[in-house]
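Read the structure below first, then the notes.
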């Protein structure tokens, strides 16, 4: 029997690529970070519990200002390895509740990555899941990627649950390959393929 043919691969968008900002979800606007976002961003970057499983922080004011200045430049993809860093804003109130990162890992291999940091004052309302879902849509629907992954500290069970809500699959665990907070920790990798993401979009929404 002949092997089933592979569906044609859609063309990649030309570079440089700048999304049509803001990226909009049901409740959120994802837009470039601005210098006047300092107070809202520093409010969570300075908190030890926010930085516990990250490679940076807690930030003092100078470090947060430097972070914001860098994030504000990350608005356009020009080559593999570039990334977008976007503020997550509640559309109704204008409150900035966190920021997200999209990594254009490898253009030719159609690979990407996502990350997120949120103010715990807004936890439990699904904002991080909603914003991260917007990054998957950007990667698969706009950039025509094949695979998107996320890496996290193995102790960060809340982040793992978020990725599972997005339909991402736990693919691997690197044992004690990171030294954070004075101890060795595992790195866990989650991922989802374009066909898996599209199948999810076609399913009827749960009541």
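A few comments on the model shown:
- Residue pairs whose Cβ atoms lie under 6 Å apart, separated by 6 or more positions or on different chains, with the first residue in segment 36-48 and on the phi > 0 side of the Ramachandran plot and buried (at least 19 other Cβ atoms within 10 Å of the Cβ) and the second in a helix (DSSP H, G or I) and modelled with pLDDT under 95, do not occur.
- Top-ranked residue of segment 111-124 - restricted to ones that are more than 16 Å from residue 50 (Cα to Cα) and surrounded by 19 or more Cβ atoms within 10 Å (Cβ to Cβ), ranked as farthest from the chain's Cα centre (by Cα): 112
- Test: residue in segment 72-85 that is in contact with a helix residue (DSSP H, G or I) (Cβ under 9 Å, 6 or more places away or on another chain), buried (at least 18 other Cβ atoms within 10 Å of the Cβ) and free of Cβ contacts under 8 Å to residues at least 24 places away in the same chain: no
- Subset tally (residues that are crowded, with 16+ Cβ neighbours inside 10 Å and without any contact (Cβ under 8 Å) to a residue 40 or more places away in the chain) for segment 136-150: 1
- Verdict on residue 98 being under 30 Å from residue 183 (Cα atoms), surrounded by 15 or more Cβ atoms within 10 Å (Cβ to Cβ) and in contact with a helix residue (DSSP H, G or I) (Cβ under 6 Å, 6 or more places away or on another chain): no
The values are calculated or read from the model by the stated rules, or taken from the named source; none is laboratory data. These figures come from a predicted structure and were not determined experimentally. Methodologically, a virtual Cβ is constructed for each residue, glycine included, from the backbone with ideal geometry; neighbour enumeration extends over all protein chains shown.
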